[in-house]
Structures are given as structure tokens and as C-alpha cells.
């Protein structure tokens, strides 16, 4: 099997894990989202740091935080990913996984917009059309539902900003994410200590097992993504990523029995059309104009 084929398989597995993750977090919907987030941060640190120890690379961790600039970048990235994690856990818990999946559908288009605004990256005609269609879809949902799909917008924006910040981080993905959860650890441990003192935390065996499992569940797809990004073409990696929100949407509708309104049935095809235009314009663009892969 070629290295490219191995990369494609790794990317499919990573996106499948991400896409089916609503089913995992639905099992914890009776737990406050902050408690789930605190445990996810704790056990993610255990998983990532353990991997670095096994690889003999734990010594690289201090270098990811040893200057004020790197530390502030890590703190900012940690803030973005923690908001993203919390909001996804919250969305699944309150039965709004459909809205969460929409966020990950529009993320590539938000990333393109952030690149144009912050990095002054030029947009091709197809990319402009795609962003405009996505914006129109959000407007349709806002008018139709009487409120902006804020979960979708915040998920897409925080992940887009997270990707922007990661452009300026020199450490590799595993080392940098380990540093991010490390700086979040005081908040997580503080919350868990407060919960223990207040007697509000869950110590049910199944809940504890799921908390521990959230660490590897967070680490594994990121490692697979990193493996895939080094072997498969970036255009292929980008297209396979749409498997993630597609599976999330399927989980929401088929398994979690969430309601899809008529307005969603208008907006989602518009988003899919925007992604089709964006993907086509990216695949046919000269190599030097390709959009960097998201984190």
C-alpha cells in the first residue's frame, strides 16, 4: 500500500471518530458541560503527555512555552480550542448537534474569510462565491429561525482562529496541543477541586470510564490527522474532512432524533453548494494559491 493511500485511510478514520463523537458525548449529556470539559482537558493531557513520553519527545514540551510570544500564542490557542470543545459538548447535551454540524460545514469557508481579512490572502472568484453563498445561508437561518445560529458561527470561528494561531506555532501538533492543555490544567483542576468540595461531581463508574476515554478520543484523531497531512495531498485531506460534519448530522437526525426544520432544509443545501464551489475552485487553482489545511 502506498504512503498516500495510508494517509487517506488515516484521514477517513480520524474524521469518522470526530463525526461519531456526538454519540459519545450524548452519553454524558446528564453531566454539566464544564465538568465534562474539565475531565476532557485532564485526560487529554494524560494521553498527549503519555504519547510524548513513549516517543521520547517530552523534552520538547518546555520549548513550546519558553518565550513570552510562544506562551501567549499557546494561551490564545488554548482559549479557542477550549471554547470550541465546550460549545460542542454543550450543543450535544442540549440537543443541538445539527447546529454543531453546520458549524463544521462552514468552518472551511470561515477559514478562507479569516485568511483574506487577517493574512490578506487573495480570494479567487469561486472562493468569493462560496463565502457569499454561505453567508446567505446563515442569513436564511437567522431570518427563518428568528435568531442567528450562534453555535454554528462560534464553533466555525473559534476553530478558524485556532488554525490561524497554529500557523505561528513552531512546535508539531502533538507537542503544541499538549502545551495547550497544560496551560488549561490549572482551570480544570480548580473546577474539579471546587466540585469535589461542593459534592457536585459525578463519581459513577460509567461516567468516570467515559471521562478517562475522552482523553484518547481527543488524541487519536489528531494524531491520525497529522499522519495523513504528511502523506496525502492536501486537497484530498480537505475534501475528506467533510465526512466529519456529515456523520455528525447523520448522528443528530438518525440516532439522536433531533428535528430538522424547513429552514435547515433550505440552508444546508446552500452550504453544501458553497462547499462544492469552494472545493472545485481549490482543486482547480494553481498550486501556489491553495488554502493551507486547517489544524
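Where a number appears in this text, it was derived from the coordinates with a stated rule and is not lab data. Please read all numbers here as calculations on a predicted model, not as lab measurements. Cβ atoms come from the backbone with ideal geometry, glycine included; neighbour counts cover every protein chain shown.
Numbers below:
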item	result
Sorted by Cβ density within 10 Å, fewest first, the residues 69, 40, 167	69, 167, 40
Förster radius 22 Å - calculated FRET efficiency between residue 208 and residue 20 (Cβ-Cβ, nearest 0.05)	0.55
Footprinting exposure proxy for 231, 59 (fewest neighbouring C-beta atoms within 10 Å first)	59, 231
Residue 220-residue 197 pseudo-label distance in nm [points 7 Å out on the Cα-to-Cβ vector]	3.7 nm
The chain, relative contact order [Cα under 8 Å, separation at least 6], %	41 percent
Gain on full stretching of the segment that runs from residue 254 to residue 168 - 0.36 nm per residue minus C-alpha separation	27.0 nm
Cβ-based exposure ranking for 121, 99, 3, in which fewest neighbours within 10 Å come first	3, 121, 99
Using a Förster distance of 22 Å, the FRET efficiency for residue 57-residue 233 (Cβ separation, nearest 0.05)	0.25
Residues residue 4 and residue 148, FRET efficiency given R0 of 41 Å [Cβ-Cβ distance, rounded to 0.05]	0.50
Relative packing of 144-156, 252-264, which averages over residues the other C-beta atoms within 10 Å, highest first	144-156, 252-264
(1) 54, 42, 42; (2) 86, 49, 36; (3) 77, 48, 40, with the label sought being that of the calculated Cα extents along the principal axes in Å	(1)
For a label point 7 Å along the Cα-to-beta-carbon line of residue 30, residues of segment 202-226 with backbone N under 14 Å	202-210
Value in Å of the Kirkwood radius, where segment 210-286 supplies the Cα pairs that are averaged	15.1 Å
